[in-house]
Amino acid sequence: MSINSFGHLFRVTTWGESHGPALGATVDGCPPNIPLNEEMIQVWLDKRKPGQNKYTTQRREADQVKILSGVFEGKTTGTPIQLMIENTDQRSKDYGDIAEKFRPGHADITYWQKYGIRDYRGGGRSSARETAARVAAGGVAREVIKALAPGLTITGYMVQMGIHKTDTRDMSQVDQNPFWVPDAEAAATWAEYLDGLRKSGSSVGAMIEVVASGAPAGLGAPVYAKIDTDLASAMMSINAVKGVEIGAGMQAAMLTGEENADEISMGPDGPVYSSNHAGGILGGISTGQDLVVRFAVKPTSSILTTRKTVTKSGEETEIITKGRHDPCVGIRAVPVGEAMMACVILDHILLHRGQNGGNQGKIG
């Protein structure tokens, strides 16, 4: 299987399967002399790990990360950083019934059509378990960002679960509920809603928003390395993601030119924008405003309702997907989205330093 890497200068390669002995990431291009240890990365993995509440899969994984290379005496050396996370709670027997059947909505059928072999135990490489490695790599990226752009923060949260939406952005609430939703009232409603779906063996989709505040102007390139192109690609690569928006996104199609234009005035510290329909990006280059990305996650395909399918031999049959699954995979996609944002932004910080150094156009 090819193409397991992403990034230009800050390059991440993930490896491993859902039910293998371990999974992880190789991070190349990290600058030297950045303070880094396992505890700094672990705090982000703890946000993503399964089994933390009744609204996520009950697979119990500690997701303890180990740094195998690239760090000496608590600092990065500039050489490849190897990160490993052991799998400790696999239940491969749960997947025996699907060895010959393809689960609707899963990658089973396309993996078989492409490779002629598939690891049916939890989906193997196609499992969302792979995202733990991305979160670990994102933890490395965050520590480098602290050193190179100390005012930059990245925050992800859920803004929609099924038909239930929220326009509230009370950021003090994000860490106060299991859905990472910035709205206490919505959290209570969503809990009741998802509990009913969970008990019925069904699932539902979600929308996640990720915002980077304090990103400097000038990140990105006009044509093939637009920062919005790389952000969209990074988010779209997350398991179960079916759509990505930047700024106003699809809603921009309903706006007039006057409504969509983010007017510019001069403030005491530089340009000030009246709005942010562009999501902090113009012509593929960051404006200095918040970078705003949203992505839609489909419902978990593993449900307890009988669905029609076919076998490898072409026979029509039915299937019920057993095992431990998230009723709303969007919950644990929040820290994954944050990690991908961190990796892309750091990559573009390094690209910008490499091309421009300290030379930038001044305003005022």
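Considering only P104, P178, P21, the Gaussian network model of the chain with Cα springs below 10 Å gives its largest mean-square fluctuation to P21.
Looking at the stretch 61-182 from every direction and averaging, what is the projected area of its Cα convex hull in nm²?
Working: hull surface 47.8 nm².
Mean orientational projected area (the stretch 61-182, Cα hull): 11.9 nm².
Accessible surface calculations at 1.4 Å, restricted to protein heavy atoms, place the chain at 47 Å² per residue. Going through (1) 62, 41, 41; (2) 69, 50, 38; (3) 57, 52, 41, the figure that equals Cα extents along the principal axes in Å as computed for the structure here is (2). In terms of its alpha-carbon gyration tensor, the stretch 128-251 comes out prolate; a/c meets the 1.5 threshold, and the first ratio a/b outweighs b/c.
Given a cut-off of 31 Å, name the pairs among K226/K308; K226/K312; K66/K312; K47/K165 whose C-alpha atoms lie farther apart than that in the structure shown.
On the way: K226/K308 42 Å; K226/K312 42 Å; K66/K312 39 Å; K47/K165 22 Å.
Too far apart for the 31 Å limit: K226/K308; K226/K312; K66/K312.
Only protein heavy atoms count here; under a 1.4 Å probe, H106 has an accessible surface of about 60 Å².
Using a probe of 1.4 Å on the protein chains alone, the accessible area found for K49 is around 60 Å². Within the shell defined by Cβ-Cβ distances under 9 Å, the residues around S274 carry a net charge of -2, with Lys and Arg each +1 and Asp and Glu each -1. Residues R121, R353, sorted by accessible area with the largest first, give R353, R121 [1.4 Å probe; ligands and nucleic acids excluded].
Using a probe of 1.4 angstrom, how much of the accessible area of the stretch 120-173 is carbon and sulfur, in percent?
Values: 970 of 2020 Å².
The nonpolar share, carbon plus sulfur, comes to 48 percent.
In a shell of Cβ-Cβ distance under 13 Å around I154, excluding I154 itself, what net charge do Lys and Arg (+1) and Asp and Glu (-1) give? Its environment carries a net charge of -1. Given a 1.4 Å probe and the protein chains as shown, M250 ends up with an accessible area of around 130 Å². Highest mobility in the GNM of the chain, judged by mean-square fluctuation with C-alpha springs under 10 Å and restricted to T110, T155, T287, is found for T110.
Measuring between alpha carbons in the structure, the pairs from K49/K146; K75/K146; K49/K101 lying more than 22 angstrom apart are K49/K146; K49/K101.
Computed over neighbours whose Cβ is under 12 Å from that of G284, the net charge equals -1, Lys and Arg +1, Asp and Glu -1. Under the simplified labelling scheme, the S200-E100 pair shows an inter-label distance of 3.3 nm, with each label point 7 Å from Cα along Cα→Cβ.
Of the three principal axes defined by the Cα atoms of the stretch 246-360, the extents in descending order read 67, 38, 26 Å. Ranking S202, S127 from most to least accessible surface, computed with a 1.4 Å probe over the protein chains only, gives S202, S127. Here the Gaussian network model covers the chain, with springs between Cα atoms less than 10 Å apart; of P335, P150, P80, P150 fluctuates the most.
One compactness figure for the stretch 186-230 is 2.01, namely its Cα radius of gyration divided by 2.2 N^0.38 Å. Across the chain, the mean sequence separation of Cα contacts (distance under 8 Å, 6 or more residues apart), normalised by length, yields a relative contact order of 22 percent.
The values are calculated or read from the model by the stated rules, or taken from the named source; none is laboratory data. The structure displayed is predicted, hence computed values, not measured ones. For neighbour counting, all protein chains shown are included, and Cβ atoms are generated from backbone atoms with ideal geometry for every residue, glycine included. The accessibility values were calculated without ligands, DNA or RNA, using every heavy atom of the protein model including side chains. Shrake-Rupley method; radii C 1.70, N 1.55, O 1.52, S 1.80 Å.
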